[in-house]
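The next block holds one structure in the form of structure tokens; read it before the comments.
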Amino acid sequence: MGVYKRGKYWWINYSFAGQCFRESTHTTSKKRAIQLLAKRQAAIFEERFGIRQIQPSPFFAEYADLYLKTYSKSNKKPSSHRRDLLSISHLKAYFDRMRKRGKHYNVALCATAARLLERVYNILSQGEINEEESQDQMTCSG
């Protein structure tokens, strides 16, 4: 956060929720520019400036529970629903561990995707599944 001169006018810059903001004060007085910066900082603090703090994303567990209640249980066979329960329980535990370690959900998601891609690559490169079988598995047709 600061005040700097650009041309004949003073400008201010400040940040909030990871976003950087710059604006002209339309004044040639450094003292007035500092006062305007202090007003912006107070407005940010009180959330009156129209800059809204980014709301945290819901946890995976919330979405998973909603999916299990609204879709999986009512639209799938009992065996498929049990598979969903098992899979989601493992994913919930993993994401919970990552959150407790202070990892952002995107980090956990990227790590999961990387592991999945590595596993798929290993399977395909070792020829464990021929192309016809892999096509059947990807389209979920048996």
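The values are calculated or read from the model by the stated rules, or taken from the named source; none is laboratory data. Just so you know, these numbers come straight off a predicted model, no measurement behind them. We place every Cβ from the backbone using ideal geometry, glycine too, and count neighbours over all the protein chains shown.
Among the residues making up the range 2-36, those that are at pLDDT below 90 and surrounded by 14 or more Cβ atoms within 10 Å (Cβ to Cβ) are 14, 16, 21.
Apart from one condition, residue 82 fits all of (1) part of a loop (DSSP other than H, G, I, E, B); (2) at pLDDT 90 or above; the exception is (1). Can you pull out every residue in the range 37-62 that is more than 14 Å from the chain's Cα centre (by Cα), at pLDDT 65 or above and at negative phi? Within the range 37-62, 37, 38, 39, 40, 41, 42, 43, 44, 45, 46, 61, 62 meet the criteria.
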